[in-house]
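Below is one structure, written out as structure tokens; comments come after it.
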Amino acid sequence: MSITAWRMLSCRACGAAVEGLTAESANPVRHPPFREGLLSRTLLRLPCPGCGTAHQHFDRFVWTDLPGRLCACVIHESERDDWADLEQEARDALSVPLREEGPEFVRAWGASVALRLVFGLEELREKVVCSMKDLDDRVVEAMKLELPCGVILDDVTPGQRLRFRLDARTRDVAWAIYEQTAGRRDALAGELPGIFDPRSAWVSCARARRPPRRP
Ligand SMILES: [Zn+2]
């Protein structure tokens with residue numbers, strides 16, 4: 001189900017009131033324009049009428065794409081410093097309906113859905129690109145550790161290349177590097193618990209060496 005509402009939210013840069021349509025829950029399977037808007041970087045983005053800053057018009061919402069095996073709790077990037085608490089919250093909120101309720105076959109299937117915490121629409125977009133192109137987002141985050149700090153996955157042509165973006169510049173990385181990194185998953189799991197620990201919901205190179213908090 002998708003839940004949208006017309007809301008007034010404060011600009012995070014200047015505090016001015018910004019009015020517009022926001023989402024509390026987004027299901028791109030039932031509502032394909034969500035995915036199109038996310039990929040074209042138009043979803044939930046408005047210029048602030050006060051300062052002109054590009055404003056992301058949401059408080060927090062859940063992105064549910066069960067056929068794509070992705071369920072993500074989306075929080076604004078200004079809250080990234082609280083990632084440890086938010087990771088725990090997201091895990092608790094998302095794992096109950098997907099992994100702990102219903103008959104065994106439903107729970108087994110739920111276990112195959114990636115539960116993710118993302119900060120901002122660009123992090124969500126990366127996870128959706130991975131899901132659409134059948135990439136392991138953990139491998140992509142591990143690859144970023146060898147790339148300039150702050151790169152984001154922009155686009156993928158499976159079998160050929162992954163395109164990363166940093167500000168206005170793009171950089172292509174050969175598909176073979178993805179496959180090599182994927183082949184080292186077991187070795188990387190010990191070095192990068194923040195990415196490969198199954199309890200990690202914020203799967204990001206930014207916290208690669210920091211394990212999830214113990215429950
Ligand atoms: Zn503003």
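Rounded, prolate or oblate: pick one for region 1-132, where a ≥ b ≥ c are the square roots of the eigenvalues of its C-alpha gyration tensor, a/c under 1.5 means rounded, and failing that, prolate if a/b is larger than b/c, else oblate. Judged from the Cα gyration tensor, region 1-132 comes out prolate (a/c at least 1.5, a/b above b/c).
What number, rounded to the nearest 500 deg cm²/dmol, is the helix-based mean residue ellipticity at 222 nm of the chain, given -39500 (n - 2.57) per DSSP H run of at least four residues and division by all its residues?
The helix-only estimate for the chain comes to -8500 deg cm²/dmol at 222 nm.
The residue among 33, 145, 97 whose Cα reaches farthest toward the positive pole of the charge dipole of the chain, with charges on the beta-carbon of Lys, Arg, Asp and Glu, is 145. Each of residue 42 and residue 214 was given a label point 7 Å from its Cα along the Cα-to-Cβ line. The distance between the two points is 5.0 nm. Summarising the label geometry, the points placed 7 Å from Cα in the beta-carbon direction at residue 79 and residue 180 lie 3.9 nm from one another. In this rough spin-label picture, where each label sits 7 Å from Cα along the Cβ direction, the residue 104-residue 170 distance is 4.8 nm.
Take the Cβ atoms of residue 13 and residue 157, set R0 to 30 Å, and the FRET efficiency comes out at 0.25. Per-residue 3J(HN,Hα) values for region 148-158, derived from phi via the Karplus relation 6.51 cos²θ - 1.76 cosθ + 1.60 with θ = phi - 60°, read x, 4, x, 5, 10, 6, 9, 7, 9, 10, x Hz in sequence order (x marks Gly and Pro). Answer rounded, prolate or oblate for region 134-208, using the Cα gyration tensor with square roots of eigenvalues a ≥ b ≥ c: rounded when a/c is under 1.5, else prolate when a/b is larger than b/c, else oblate. Oblate.
Bear in mind these aren't lab numbers, they're just calculated from the coordinates by the rules spelled out. Note that the structure is a prediction, hence the values are computed from the model and not measured. Don't worry about glycine lacking a Cβ; one is built from the backbone with ideal geometry, like all the others, and counts go over all protein chains shown.
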